[in-house]
Amino acid sequence: MRTLIAAALLAAMPFTAAAADGLSYTYVEAGWNKVEINDDWLGDPDGDGGYLRGSFAIADNVHLFGGYSVASKTYRYDGARVKYEVAQPEFGIGYHQAFTERLDFTADLAWLRLNAEAKISGTGDADLDGTYKDHVNGGRATVGLRGKPSSRTELWVKGGYIDGSDFEGSFAGYLGGQVGFNRTWGLVGEVEVIEDTTRYSLGVRASF
C-alpha cells in the first residue's frame, strides 16, 4: 500500500508543476498607456494616461474580460487652453484551448465604446469655451496564441477585425508579454495597432 501511495504522489508531481506554471485567465492589472495617431494633417497627435483591465475565468475554457483606458493631452494657444481626452471602456468574452502545457489558442469577442471629449477655455469667447463630447460604439473579434516560453515569462499575439456602425472596419493587431516576479505579480506590456493608431501600455498584473 505504501509503495502504491508513493507511486501515485510521484506521478502527480509533474502535473502539479505544470499547473503551477500554467496560464491564468483570472487577473487584474493597471498601468500607463500612450496613444499615437499617424496623421500628417493633424500633426501626428498623441496622448497618455492610465488603464485598468481584468479577466475572470467562468469555466475551464471560457473567461470574461473588461477594461477602461484613458489618454489625454493639453494644448495652449495664445492664452487659450484645449484639452483632448479619449476614453475607451470594453467588455467581452473569451475562449481558450490548450495546444500544449505552455501554449493556448485564444479567441475573443468584445464590445467597445470610444468616448472623445474636448475642453476649451481661455479664448475670451463664451460661445466657444466649453466642453464638447462625442462617442462611437463598435465590436472586435480576434484570434491568437498565448504561451509561456519559461516559468517566469509569457507572450501573446492576436489579430482580428474591429467594426462599428459609426466607423469603418479595420484590422486590429496585438503583441504583448509579461515577466513574472512570482506566481502572483508580474510586469506586463502590450502594443495595439489599429490602422493609423498605435497604443502602448505598461503595467502591473496580479494573477490568481
Exercise. Within a Cβ distance under 15 Å of residue 203, other residues only, what is the Lys/Arg minus Asp/Glu net charge?
Worked result: -1
Problem set entry | Only Lys, Arg (+1) and Asp, Glu (-1) charged, at Cβ; the chain dipole about Cα centre in debye | 1320
Problem set entry | Reciprocal of mean inverse Cα separation for the chain (Kirkwood radius, Å) | 19.5
Seminar exercise, completed: The helix 2-20 Cα axis meets the longest alpha-carbon principal axis of the chain at an angle in degrees, between 0 and 90 and rounded to 10, of 10
For this session: Place the peptides 46-53, 143-150 in order of packing, highest mean first, counting for every residue the other Cβ atoms within 10 Å and averaging per peptide.
Result: 46-53, 143-150
For this session: Output the peptides 84-91, 58-65 sorted from most to least packed, where packing is the average of other Cβ atoms within 10 Å over each peptide's residues.
Result: 84-91, 58-65
For this session: Can you grab the distance from the C-alpha centre of the stretch 24-45 to the C-alpha centre of the stretch 84-140, Å, no decimals?
Result: 10
Problem set entry | Dimensionless Rg ratio for the stretch 45-158, taking C-alpha atoms and the 2.2 N^0.38 Å reference | 1.50
Seminar exercise, completed: Surrounding charge for residue 48, neighbours by C-beta under 15 angstrom, Lys/Arg +1, Asp/Glu -1, total -2
Exercise. In what sequence, highest mean first, do 109-119, 27-37 appear when ranked by Cβ atoms within 10 angstrom?
Worked result: 27-37, 109-119
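Values quoted throughout were computed directly from the atomic coordinates according to the rules given, and no laboratory measurement underlies them. Because the structure is a prediction, the values reported are computed rather than measured. Glycine gets a Cβ as well: all are built from the backbone with ideal geometry, and neighbour counts include every protein chain shown.
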